[in-house]
Amino acid sequence: MTLQYTPTSAIPKIVADLRTSFRTHRTQSLEFRKEQLRALQRGLKEFEDEFAVAIKADLNRSSEMDVSLAARAIKTNLDKLDELTADRTASGLNESDKNFVRLSPLGTVLIIGAWNFPILLTLDPLVGAIAAGNTCVLKPSEVSEQSAAALTRMLVKFMDPTVVQVINGGVEETTVLLKERFDHIFYTGNTPVGRIIMEAASKHLTPVTLELGGKCPALITEHTDIAVAAQRIAHWKSMNAGQVCLTVDYVLCPKHLQDELIKNVIGTWHHLFGQDFRTSDMYPRIVSTRQFDRISKVMTAAEKQNKIVFGGKSEAGNLYIEPTIVTNVSEQDDIMQSELFAPILPIITYETFDEALNIINRQEHALNVNLFSDNQDQVDRDESLPFGGVGHSGMGNYHGKYSIETFSHPRAVMIRNQANL
Ligand code: NAD
């Protein structure tokens, strides 16, 4: 099924109608929000099979993670909505006044999703936006076309159109959409487009949450259980064919432990996908030719330098890239210049722990740092980041109670004691 793009001429009215709807205050009622969350819950259930087919077509993988994590986000917000949105008492200037903080919805918000978890990365923030009482425009990624089409059908069927509207399209449609005024923009995707989003938002002084990417390192030390670390790294690198924002991008490893690490990583990959990755039903594909070409360039550069020690095969026809290990990597290599978002594992060897930390610190902030160590001193020196990123990996955060907070304004309320001036 092809994805129907929204005519750009229709966009201003869609946004204006959502704003009018917000001003009726109907989304203020907690019961109304719960109804919408329950509708989303039913929609997710009814469309489970359609999402499975769509994600298989887009990425050749199971939809289990997208659907189960979205279902969990809905359930948490439904179960805890009263508690999470309750007024919070606060102290003010005068003890005899009544002071509290009330979470107020922001208004009409825009959520822009990415293709790598096409259902989760749109529904998870949507749950927060609805739970907080906003009206919302959702712009799924056009790259994961089948998922965007299935998601649109589900939302049109189950959600109140005065609360949630889906706009589909690529750069042209999103550019028009970004001209509109929103009360918050929540964007998931790459860092360069994150800049475009922030620039557009600044014209209206609209706050943004940017869920971006980066090069997340894994740090192996003398105190690492290599078998455990290798298993986790191999798992991350092959999940969704490495197209995961939190995936290990590169590994830092003491030289004498490298062979053992490589042996264990390869062992895990074979355990997961058998001897021939290409014919495995379980091994995912790269999402598009554009992404395939980008990754191929990095592979070719590594190949020219004779740095590929495992894998390296690819097949443009079916967007297949073999799990690949690259060694003898330096910070100057092409492979270290931007986020890989691919099943390629570069290994940089180091002499001292400080040297390894310096390499990490010279990179832009990543979403996480994976330190595998049972030495507490080393663990204490690890600057791990909360989900949500800083600097080039993003700003703001979400999940659980933080989602409602992201889409709310903590309004200070003071009920003045009449006796006070
Ligand atoms: P993508 O190509 O789907 O783009 C994301 C969204 O931006 C899409 O909806 C797209 O239509 C829109 N877009 C693209 N170009 C645009 C432009 N010029 N102007 C306006 N809108 C535009 O996804 P992607 O960016 O390839 O996603 C992968 C990146 O996302 C990686 O860097 C990954 O690390 C990051 N990511 C981050 C998280 C997180 O939670 N931090 C989660 C998933 C992915």
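The values are calculated or read from the model by the stated rules, or taken from the named source; none is laboratory data. The shown structure was predicted, so the numbers you read here are calculated from the model rather than taken from an experiment. Cβ: placed from backbone, ideal geometry, glycine included. Neighbour counts: every protein chain shown. Note: accessible area is taken over every heavy atom of the protein model, side chains too, but ligands, DNA and RNA are not part of it. Shrake-Rupley method; radii C 1.70, N 1.55, O 1.52, S 1.80 Å.
Descriptive notes on the structure:
- Test for Leu212: is it within 27 Å of Leu40 (Cα to Cα), more than 19 Å from the chain's Cα centre (by Cα), within 10 Å of the ligand (Cβ to nearest atom) and surrounded by 22 or more Cβ atoms within 10 Å (Cβ to Cβ): no
- Considering only residues in segment 103-124 that are assigned to a loop (DSSP other than H, G, I, E, B) and under 20 Å from Leu44 (Cβ atoms), the one that is farthest from the ligand (Cβ to nearest atom) turns out to be Ile119.
- Positions within segment 318-335 being within 16 Å of the ligand (Cβ to nearest atom) and surrounded by 20 or more Cβ atoms within 10 Å (Cβ to Cβ), in sequence order: Ile321, Ile335
- Inside segment 251-275, residues that are under 16 Å from Val326 (Cα atoms), among the aliphatic types (A, V, I, L, M) and either modelled with pLDDT under 95 or open to solvent by 10 Å² or more (accessible area, probe 1.4 Å) (or both) make up a count of 3.
- Test result for His235, more than 8 Å from the ligand (Cβ to nearest atom), open to solvent by 50 Å² or more (accessible area, probe 1.4 Å), in contact (Cβ under 8 Å) with a residue 60 or more places away in the chain and farther than 25 Å from Glu405 by Cβ: no
- Within segment 272-328, the set of residues being under 30 Å from Ser147 (Cα atoms) and part of a strand (DSSP E or B) comprises Ser314, Glu315, Tyr320, Ile321, Thr324.
- Flag if Thr162 is of a type in the set (Ser, Thr, Tyr), near the ligand (Cβ under 10 Å from one of its atoms), open to solvent by 30 Å² or more (accessible area, probe 1.4 Å) and touching a Ser or Thr at 6+ places or on another chain (Cβ under 9 Å): no
- Candidates are the residues of segment 192-206 that are in contact with a strand residue (DSSP E or B) (Cβ under 6 Å, 6 or more places away or on another chain) and near the ligand (Cβ under 10 Å from one of its atoms); the one that is farthest from Gly388 (Cα to Cα) is Ile197.
- Answer residue from segment 169-191, given it is within 17 Å of the chain's Cα centre (by Cα) and within 8 Å of the ligand (Cβ to nearest atom) and is farthest from Pro7 (Cα to Cα) among those: Thr191
- Filter result for Phe341 (among the aromatic types (Phe, Trp, Tyr), at pLDDT 80 or above and within 16 Å of the ligand (Cβ to nearest atom)): yes
- Single match in Val228, Val137 (criterion: more than 10 Å from the ligand (Cβ to nearest atom), buried (at least 22 other Cβ atoms within 10 Å of the Cβ) and not hydroxyl-bearing (Ser, Thr, Tyr)): Val137
- The residues in segment 390-421 that are closer than 25 Å to Leu340 by Cβ and touching a strand residue (DSSP E or B) at 6+ places or on another chain (Cβ under 8 Å) can be counted, and the count is 5.
- Filter pass, Val248 being more than 20 Å from the chain's Cα centre (by Cα), crowded, with 16+ Cβ neighbours inside 10 Å and modelled with pLDDT of 95 or more: no
- The listed residue being surrounded by fewer than 17 Cβ atoms within 10 Å (Cβ to Cβ) and free of Cβ contacts under 8 Å to residues at least 12 places away in the same chain, out of Arg72, Arg153, Arg88: Arg72
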